Amino acid sequence: MSTPVPRQAAVAPPSEPVSRSVSPRFAGLPRVELSHEAGSSGGTYSARIVDPAGKPLPDAEVLLLARMPDGTVENVRMDFYPDRGTYRGALPTASSPVDLRVRVITGDKRVEIPLGP
């Protein structure tokens with residue numbers, strides 16, 4: 001006699017990302033993994049930023065740059081959350097950006113990484 005398999009809920013828990021973008025690898029530059037968080041009303045993002053050796057960068061200055069459909073550009077500072085090892089920030093509007101980038105500043109290096117909408 002087999003036991004029926006429990007059905008899984010259709011809605012992802014808030015901690016699961018809706019979408020994820022990963023920056024290309026460039027020698028000597030940080031790598032960014034950006035996630036759009038599920039359950040957010042428009043634009044809550046988290047970013048995991050690591051150095052070329054794969055170590056997290058907790059002391060970087062991180063900005064989320066979003067060009068919106070109406071032509072405005074949102075510059076949102078992302079705060080570091082050590083318990084998760086990620087940076088988080090939220091866009092103030094509910095519309096989706098047409099261009100999305102992450103700017104990472106560490107010491108004397110400033111990198112802007114395009115991640116798409």
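Worth pointing out:
- Segment 27-78, subset of a type in the set (Lys, Arg) and surrounded by fewer than 18 Cβ atoms within 10 Å (Cβ to Cβ), residue nearest to Ile105 (Cα to Cα): Arg77
- Among residues of segment 88-105 being within 18 Å of Glu33 (Cα to Cα) and aliphatic (A, V, I, L, M), the one that is surrounded by the fewest Cβ atoms within 10 Å (Cβ to Cβ) is Ile105.
- On the stretch given as segment 76-98, residues that are under 26 Å from Gly54 (Cα atoms), free of Cβ contacts under 8 Å to residues at least 40 places away in the same chain and either touching a Leu at 6+ places or on another chain (Cβ under 9 Å) or not hydroxyl-bearing (Ser, Thr, Tyr) (or both) total 9.
Only the coordinates and a few stated rules stand behind these numbers; no lab work does. This is a predicted model, so every value here is computed, not measured. So basically every Cβ, Gly included, is an ideal-geometry build from the backbone, and we count neighbours across all protein chains shown.
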